[in-house]
Amino acid sequence: MNVHTRQEVTQDRISQLAGTINDRLRESIADIQDVNDDIHVLSVNAKIQAARAGDSGKGFGVVADMVRGMVTRTQDITDRLQRNVESTVGELLSLNSFLGTKVRGERLSQVASTMIDIVDRNLYERSCDVRWWATEDAVVRALSQPTAENLQKASHRLGVILDSYTVYLDIVLCDLSGVVLANGRPEQYKSVGSKVDANVWFHEARRSKNGTEFGFEGVHLSPLVNDKSVLVYSCAVRKDGESSGEQIGVLGVVFNWAGLGNVVVEHAEDTLAAETENHLHAHLFYPDGTVIASRGGRGMLQKMNDRTLKLIDNRPLGTILPDSEKAKNLVAGFALSQGFETYRTGWYAIILEEQN
């Protein structure tokens, strides 16, 4: 039976076998040296006895000299063998370590790619949601005729939507000046009356040309939801709910970013932790290096190491190996957003593994 069918081939197993070869070689050479020592002693004794025998022992003395010469040659051969095999085994161990590290980096890169793909797929749906809900009859009516009754009905409708879509913290409805008129969770978030005209998501919605376009603001702490970490998608609400209608307000959906970003990186770390005892650190970050997700929010909205960013150098997928002077004792895999359908964040995922 093939040995590989009985025992899994791993980097550690190859290192173990190479070490075993080295150990057995040393044992064998030690045995040969012991035999050589014994032969050497015998040849010396034979030389002494030949000298005592006089002329009759000269032939035996020649044989003793030849035996001693052979011992020397054998010793030279074993010395060279030991040096060569140790060098070869050392190269094998080094190559095995490199290949193992390269494979590990590719594994990290694969998981990083999955991380960013999950984010893109989830956020694609968010861009669809806001454009759809901006045409809701209760939303359009509340902005067309902002009576207390209509605003209450809009708030109730937004609350019903939030009950079905737990990824959102809240949904806010604003007039064209950026004042929040209604929200879906008024008991939890007191945002009515707040001004959002300075927010990126509001301005992008106001600049939109029709109902197919949407606004967006990246990771930030929003006072609309008690300074929680959010993304906000927005869309202009238009007269009669028509895509080409005149703008009458803006709808903003406040997405619970920690519920996606931090969960994705924590799941990646937990998945890989079963494969190694090394420390792992997974992150999502903007192309400029700003960290937007990590376990427990470590380093949130701080910049990554510039040396790491230079090693990535805008590549869509790849590894960072510890043979780099800038990445000692570190192997990493990273992936750039490839997008889903018509949506693409343009963000990166990276997983760093410290080497023992």
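The values are calculated or read from the model by the stated rules, or taken from the named source; none is laboratory data. Just so it is clear, the structure is predicted and the values come from calculations on it, not from any experiment. Reconstructed Cβ throughout: ideal geometry from the backbone, glycine too, with neighbour counts over all protein chains shown.
Some points to look at:
- Meets criteria (touching an Asp or Glu at 6+ places or on another chain (Cβ under 7 Å), among the small types (Gly, Ala, Ser) and within 28 Å of Val264 (Cα to Cα)) for Gly184: yes
- Residues located in region 226-243, provided they are under 19 Å from Ile292 (Cβ atoms) and either among the charged types (D, E, K, R) or surrounded by fewer than 22 Cβ atoms within 10 Å (Cβ to Cβ) (or both): Asp227, Lys228
- Meets criteria (of a type in the set (Asp, Glu), without any contact (Cβ under 8 Å) to a residue 24 or more places away in the chain, in the same structural domain as Gly178 (by TED's automatic domain parsing) and not in a strand (DSSP E or B)) for Asp197: yes
- Residue within region 267-278 that is assigned to a strand (DSSP E or B), in the same structural domain as Val119 (by TED's automatic domain parsing) and under 16 Å from the mean Cα position of the chain (by Cα) present: no
- Filter result (surrounded by fewer than 21 Cβ atoms within 10 Å (Cβ to Cβ) and within 18 Å of Ile161 (Cβ to Cβ)) within region 244-259: Asn256, Gly259
- Considering Val192, Val172, the condition of being part of a strand (DSSP E or B), farther than 18 Å from Asp240 by Cα and of a type outside the set (Gly, Ala, Ser) is satisfied by Val172 alone.
- For the criterion of being surrounded by 17 or more Cβ atoms within 10 Å (Cβ to Cβ) and modelled with pLDDT of 95 or more, Arg104 fails.
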